[in-house]
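Beneath this line is the structure, given in structure tokens, with notes to follow.
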Amino acid sequence: MIARAARALAVALSLVLGAVPCPSSAAQEGGALTQVRYVMGTLWTVEARGPHAEAGIEAAFAEVRRLDEALSTYRPESELSRVNREAARRWVSISAETMALLKRALAYAAESDGAFDPTVGPLVRAWGFKHLDYHKPDQQEIDRARAKVGFRSVTLDPLKGVRFAKPGMELDLGAIAKGYAVDRALAVLKRHGVLAARVDAGGNQGVWGPSPEGGAWHFGIKDPRAEGEVLGVVPLASGGVSTSGDAERGFWLDGVRYGHIVNSLTGWPVQGVLSVTVVAPTAEAADALSTTLYVLGPARGKAFLAGRPGCSALYVLPGGTEASYAIEREVSFPWMSWPR
Ligand code: AMP
Ligand code: MG
């Protein structure tokens, strides 16, 4: 019964989520305005209700573009690209905002013992995940890239900025920046006086205020091995939800799936987890934690999540199994059904 209700809701949701129009579009429905645009290398959907929705959404997209201009490693003129070019030779000063984000990223790295590693860039590049020229590098190439990786070789100084301890290092905030940008977009919408808002940045989502139905918002958890299918639905009253996995960016070789999340200790893409979805009090935490838990795997992931209030995780594992950790009851995954 519950499973059937979940499936019906899931299908409805997948239709909503699947109805993604072209890079820039607007729709007004039942007092809610929705805009879809392409920023930070992914489709963003921003939905808001209330008389200030239109101005709020415009300002939210301006905020996301501002962050993309500072943090993108695809833009040679960004603050982060400048750091990557110069920090092995000298201190590079950065904005207080970027400094604070880097500090939080390095804290996740330290707490997870390098499972989350924002210096993984050279390895991501070696496997072709950066420019989508996927290929399996030989072990020598992996070792060469690994020598340029290691969060402990990054030093932050509040006055001097960022410094790398070895040449060839590269910061990649791909696993945390979108979540941060979702939080910032929501903060801007709130400041504009919207009544409620939802921001979705390709797997990183956040909400503020009541859903159009009046209570929690609902998010479909995609089936990582069946395009367009939803495994279940997770309710979210506030904060963020994020999914990390190998489905979107990765390649098959000899029956093995190589996804874009790389273990910086081994130099190889993580195997053994199809996806992990994390609910957390902020979209940034959900983003950083979903990547971290993906690398840690279910057993170590559970331990990592313990003691983090308001956080839950759901792993989708090979063979139709799941491991679900609801550390706090109110953010559990009551609608999951598996196997279908
Ligand atoms: P996400 O989709 O949030 O899990 O982030 C994945 C992206 O983060 C990848 O495309 C890489 O740019 C980067 N990344 C890959 N492996 C790691 C890792 N172990 N720690 C931190 N970032 C990573
Ligand atoms: Mg992430």
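As a length-normalised measure over Cα pairs under 8 Å and 6 or more apart, the relative contact order of region 35-190 settles at 29 percent. With a 1.4 Å probe rolled over the protein heavy atoms of all chains, the accessible area of TRP44, TRP252 falls in the order TRP252, TRP44, largest first.
Mean sequence separation of contacting Cα pairs (under 8 Å, at least six apart), scaled by the length of region 177-216, corresponds to a relative contact order of 36 percent. Length gained on full extension, ALA55 to ASP157: 33.0 nm, using 0.36 nm per residue less the C-alpha separation.
A cut-off under 14 angstrom between Cβ atoms defines the neighbours of TYR38, and their net charge, with Lys, Arg +1 and Asp, Glu -1, is +1. When shorter helices are ignored and each DSSP H run of at least 4 residues is given -39500 (n - 2.57), the per-residue value for the chain at 222 nm works out to -10500 deg cm²/dmol.
Out of GLY319, ILE176, GLY114, whose Cα points farthest toward the positive end of the dipole of the chain (charges: +1 Lys, Arg; -1 Asp, Glu; placed on Cβ)? It is GLY114, whose Cα lies furthest towards the positive end. What helices does the chain have that are whole DSSP H segments, at least 20 Å long along their own axis by Cα, and with mean Kyte-Doolittle hydropathy of 1.0 or more? TM-like helix candidates: 2-18.
Averaged over its residues, the chain has an accessible area of 45 Å² per residue, based on protein heavy atoms and a 1.4 Å probe. The residues neighbouring LEU123, those whose beta-carbon lies less than 12 Å from its own, together hold a net charge of 0 under the Lys/Arg +1, Asp/Glu -1 convention.
Using a 1.4 Å probe on the protein chains only, how many percent of the accessible area of the chain belongs to carbon and sulfur? Here carbon and sulfur together make up 55 percent of the probe-accessible area.
Taking every alpha-carbon pair under 8 Å whose residues sit at least 6 apart, the chain reaches a relative contact order of 17 percent.
The values are calculated or read from the model by the stated rules, or taken from the named source; none is laboratory data. Here the structure is a predicted model, which means the values were calculated and not measured. As a convention, Cβ positions derive from the backbone with ideal geometry for all residues, glycine included, and neighbour counts pool all protein chains shown. Surface accessibility is based on the protein's heavy atoms, side chains included, excluding ligands, DNA and RNA. Shrake-Rupley method; radii C 1.70, N 1.55, O 1.52, S 1.80 Å.
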